[in-house]
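So the structure is just underneath, and the comments pick up after that.
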Amino acid sequence: MSRFVKLALALFVGTMTVIALQAAPAFASTAAGHKSAGHKAAIVGELGVDGGAYPGGFRPTAGTVEVEFNSLPLVLVRAVGKSGKFTIKLSPGSYTVSGCGPDGSGNQCSQAQDIHLASGQVDDIQLVWAHLP
C-alpha cells in the first residue's frame, strides 16, 4: 500500500471518528426507544483528584469524561479543562460515566458510575480519578 493511500485512509478514519463523536448526542436524542427524546437531561460535575498534602481534599483537574450509552453501542468522550467542570446534555436514559486524568497521568480513571436520567433531570456528580496519599 502506497504512502498516499495510507495517508488518505488515516484521514478518512479520523474524519469519520470526529463526525461520529459530534453526532452522538443528536443520535441519542432521536434513537428509537427514547419516548421523550425531545426532553433533555444533563450530567454536570467536576473531575479531579482527592487527598494529598495538608489541607488535602478534592482538587479539580483537566482530563476526559466518558459516557457509555447503555441502550446503544456508543461511547461519548468529552475533554475537560483544568477547572475540572463539565456539563454534558443527554436524552433521558441510562448511562455509565467515568472520568480519566489528563495525558501523562498514567491512564488513571475513576470508578464507573451508573446514572439514570429522567426527562428534565440534571444529575450533579464528582469524578475522582486518583486518590493521593
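The values are calculated or read from the model by the stated rules, or taken from the named source; none is laboratory data. Predicted model, so just to flag it, every value in this text is computed and none were measured. As a convention, Cβ positions derive from the backbone with ideal geometry for all residues, glycine included, and neighbour counts pool all protein chains shown. Keep in mind that these areas ignore ligands, DNA and RNA; they rest on the heavy atoms of the full protein, side chains included. Shrake-Rupley method; radii C 1.70, N 1.55, O 1.52, S 1.80 Å.
List of remarks:
- Cα point-scatterer Debye curve for region 72-133, base-10 log of I(q)/I(0) at q = 0.24 Å⁻¹: -1.21
- Local electrostatic count at SER98 - Lys and Arg +1, Asp and Glu -1, tallied over other residues with Cβ under 11 Å: -3
- Total formal charge among the other residues, if their Cβ is under 15 angstrom from that of LYS85, Lys/Arg +1 and Asp/Glu -1: +1
- Straightening the chain between THR87 and GLN113 buys 7.8 nm, computed as 0.36 nm per residue apart minus the Cα-Cα spacing.
- Note on exposure: ARG78, ARG59 ranked by accessible area (1.4 Å probe, complete protein assembly) read ARG59, ARG78, with the most exposed listed first.
- Cβ-derived FRET efficiency at R0 30 Å, ASP50 paired with ASP103, nearest 0.05: 0.90
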